[in-house]
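Derivation of every value follows stated rules applied to the coordinates shown; laboratory data play no part. Bear in mind that the values here come from a model prediction, so they are computed numbers and not experimental data. As a convention, Cβ positions derive from the backbone with ideal geometry for all residues, glycine included, and neighbour counts pool all protein chains shown.
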Amino acid sequence: MTDQPSSPFAYDVFISYSHADSAWVHGQLLARLDQAGLRTFIDFRDFELGAPSVTEMERGVLTSRKTLLVLTPAYLASDWATFEALMLQTLDPINRGRRLIPLFKERCTLPPRIGMLSHVDFTNPATIDLAWQRLLQSLAGANGTVPPPTPPIITSTSTTPPSPAAMRRLREVLAQL
């Protein structure tokens, strides 16, 4: 969102889609995201002219807080769309950062690497309002932050109590959670 100048990301969301789905993506999805104040990165508007598409896809994924996959049979048949999804999955294979959001626009059979992720469903007209609400909340996030990962469990076999400096550091770490 535009009120997040401290965000390390230039964009809130990179939209990964098949050009066969351009009418819905450009006409409805992009309009709703822009209306919500989200900084969107999309190929037809944000790719640098003359630059290789591959490097622009990489730039979109790396400079966006989230990547939205608009899932349809055409998306799954597209090598370019697969490349975009795999790029982020290479950086975070199990999606701990919750940066990859699958959006079902049409029912399709997903590969396991995407099917394992919870998704937002735009295929049911009866729940479309809820789908929009969930999507916009997820993309807006809490000031662009994701919850911190669960801290590791630290075990010690030492019977010596921790030093005051170690206790101070532990309190600082816990305060950040």
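Would you grab the residues whose amide H sits under 5 Å from the one on Phe14? Only those 5+ places off in sequence or on another chain, please, with H modelled 1.01 Å from N.
HN-HN under 5 Å from Phe14: Phe41, Lys66, Thr67, Leu68.
If we sort 67-76, 35-44 on the protection proxy, mean other Cβ atoms within 10 Å, highest first, what's the order?
Answer by packing, highest mean first, reads 67-76, 35-44.
Over region 11-140, what relative contact order in percent results from Cα pairs under 8 Å that are six or more residues apart? Can you show the working numbers first?
Working: 167 pairs, mean separation 34.6, N = 130.
Dividing the mean separation by the residue count of region 11-140 yields 27 percent.
Roughly speaking, what % of Cα-Cα pairs in region 27-140 are separated by over 24 Å, rounded to a whole number? Don't jump to the answer; show the numbers that get you there.
On the way: 1506 of 6441 pairs.
I get 23 percent for the Cα pairs in region 27-140 exceeding 24 Å.
Excluding His19 itself, what net charge comes from residues whose Cβ is under 13 Å from its Cβ, given Lys and Arg +1 and Asp and Glu -1? All intermediate terms of the calculation are to be shown ahead of the outcome.
Numbers: positive: none; negative: Asp21, Asp43, Asp79, Glu84.
Summing Lys and Arg as +1 and Asp and Glu as -1 gives -4.
Zone of Ser53 (label point 7 Å along Cα→Cβ, backbone N under 19 Å): which residues in region 5-45?
In region 5-45, the label zone of Ser53 (backbone N under 19 Å from the point 7 Å along Cα→Cβ) covers 14-26, 41-45.
Contour minus end-to-end for His26 and Arg168, with contour as 0.36 nm per residue of separation and end-to-end as the Cα-Cα distance?
Details: separation 142, 0.36 × 142 = 51.12 nm, distance 5.17 nm.
Value of the extension gain: 45.9 nm.
Using a simple spin-label model with points 7 Å from Cα along the Cα→Cβ vector, what separation in nm is obtained for Gln137 and Asp79?
Placing both labels 7 Å along Cα→Cβ, they lie 4.1 nm apart.
Can you compute 3J(HN,Hα) from phi for each residue in region 27-43, using the Karplus curve 6.51 cos²θ - 1.76 cosθ + 1.60 with θ = phi - 60°, rounded to whole Hz and x for Gly and Pro?
For region 27-43, the Karplus curve yields x, 10, 4, 4, 4, 5, 5, 5, 4, 7, x, 7, 8, 9, 10, 9, 3 Hz.
Report the local net charge at Asn95: Lys and Arg +1, Asp and Glu -1, summed over other residues whose C-beta lies under 15 Å from its C-beta. Please list the in-between numbers first.
Details: positive: Arg65, Lys66, Arg96, Arg98, Arg99, Arg113; negative: Glu84, Asp92.
That works out to +4.
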